[in-house]
Amino acid sequence: MALLPSKSLVFTVRRQEAELVVPCEPTPHECKPLSDVDDQEGHRFHVRGFHFHQSNLSMKGQDPAKVIKEALAKALVFYYPFAGRLREGPNRKLIVDCTGEGVLFIEADADVSLVDFGDELYPPFPCAEELLYDVPGSNGLLNSPLLLIQVTRLKCGGFIFAHRFNHTMADGTGLSQFMTAIGEIARGALVPSMPPVWERHLLSARDSPLITYQHEEYSHNTSGPENGTIIPTDNLVCCSFLFRQSHISSLRRFVPHNLRCSTFDILSACLWRCRTKALELDPNEDVRLICIVNARFKFKPPLPLGYYGNALGFPMASSSVGKLTQNPLAYALKLVKQAKTKVTEEYMKSTMDLLVTRGRPNVKLVGSYIVSDLTRAKFKEVDFGWGEAVFMGPETCWELISFYIPSKNKKGEDEIIVPVCLPASTMKSFVKELEDMMKDEPTVHADI
């Protein structure tokens, strides 16, 4: 594990006035309800992400902002709901009014080169607010643009593609599918290779709702605050950690021989345990790890290829602080694996029934740590003509969630970058816990 240094790079970004990009051909004007997975409380926000692209001699003389803007207008013909606006109906039901008003687009120039950001690209990024400008009045959930894109040209000929999108419209898989379509059209395709599928009714509650799981991951307390320690937010620091294959192999020393686990499993168990120890909570307090799981292939038959709505499950692992921190890592690992197996077709149907009957609640946030694996997402493969991105991921860190961001070193070996946000004093303890785990000898394991 390597703690990546913070960056103090300063540069100037010159933006042109934001404009609305509309579909280049007429599209249907209709109202399309979102699914009951889409419009839950935990999706009602905007996600911000960055994609860094190198210069490419074969594209010399081409303006990435112009190329992407033209391709965007063409892609919106196929993905026309993105050009609409959200409305809210009875029971907090969200509906896309396909007005064709368009998505926000900004082109900009920065007096900085890609190399100035360093050999490793990771959040938080300097001048992030300038590289993805929040147009005043544009970031509401309802009656606002569903997508904002800013393309910033760099001195070296590379560029940064930054986006802000309304999470109720799509998950990471869906957004990467849309961006792939923009890239394909930018490179000359007439239609996307993956036709978009709306079909949001496939993830709607049953006519006679039946909650068959406990769903402890969702908040059921509507009368007051949740129980648990609230992490103070007045002195937060954001750090990114680099995990090489050697680091993952080191963590695997703690895995019992009778337990098979993925990189996601071992990394999530390690981070959850180290973070909990660093927070120094009451040993009797309960803490949770919420995994974000793509449920597209949990259905029989699976959701159709091209479905770009949210298809996420949020299974939860739970433990007392004392048990999590005092037991070997294998204890946390078992809980992570058990949580992931909860996501089945019936689990998802039960989730939708719960969301509709209980007012579309949020997941439990107090005492929770959320992890999301981006290593299998297709974002990095998006190619607007300049080749794949050298970095893709969130622009910054959030206090309750960590993304696993794919990266490669100069040898072409896979690595994972994990941004973490904690109070400054807690971050020091967290770093020490991680370092100690990397050098500790594994405890003898009981069979679990």
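Computed values, structure above
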read-out	value
Where a residue in segment 34-55 is closer than 29 Å to ASP97 by Cβ and among the acidic types (Asp, Glu) and its partner, wherever it lies, is outside any loop (DSSP other than H, G, I, E, B) and open to solvent by 30 Å² or more (accessible area, probe 1.4 Å), with Cβ under 6 Å and at least six apart	ASP36/VAL356
Selection from segment 226-246 of residues that are crowded, with 20+ Cβ neighbours inside 10 Å and not polar (S, T, N, Q)	CYS239, PHE241, PHE243
Conditions (1) open to solvent by 10 Å² or more (accessible area, probe 1.4 Å); (2) outside any loop (DSSP other than H, G, I, E, B); (3) more than 29 Å from ILE416 (Cα to Cα): number failed by GLY100	(2)
Failed item in (1) open to solvent by less than 10 Å² (accessible area, probe 1.4 Å); (2) modelled with pLDDT under 95, with ASN139 passing the rest	(1)
Residues of segment 71-87 classified as in contact with a strand residue (DSSP E or B) (Cβ under 6 Å, 6 or more places away or on another chain), in a helix (DSSP H, G or I) and either closer than 15 Å to PRO33 by Cβ or charged (D, E, K, R) (or both), total	1
When residues of segment 88-97 are limited to those that are open to solvent by 20 Å² or more (accessible area, probe 1.4 Å) and assigned to a strand (DSSP E or B), the one nearest to GLY309 (Cα to Cα)	ILE95
Candidates ALA73, ALA83, filtered to the one that is surrounded by fewer than 21 Cβ atoms within 10 Å (Cβ to Cβ) and among the aliphatic types (A, V, I, L, M)	ALA73
Test for ILE185: is it farther than 24 Å from ILE405 by Cβ, among the aliphatic types (A, V, I, L, M) and not assigned by the TED database to the domain that holds LYS60	no
Selected residue (criterion: most open to solvent (accessible area, probe 1.4 Å)) from residues of segment 37-70 that are part of a loop (DSSP other than H, G, I, E, B) and within 21 Å of SER372 (Cβ to Cβ)	PHE45
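The values are calculated or read from the model by the stated rules, or taken from the named source; none is laboratory data. Keep in mind the model is a prediction, meaning the values are calculated, not measured. Ideal geometry is used to build each Cβ from the backbone, glycine not excepted, and the neighbour counts take in all protein chains shown. The accessibility values were calculated without ligands, DNA or RNA, using every heavy atom of the protein model including side chains. Shrake-Rupley method; radii C 1.70, N 1.55, O 1.52, S 1.80 Å.
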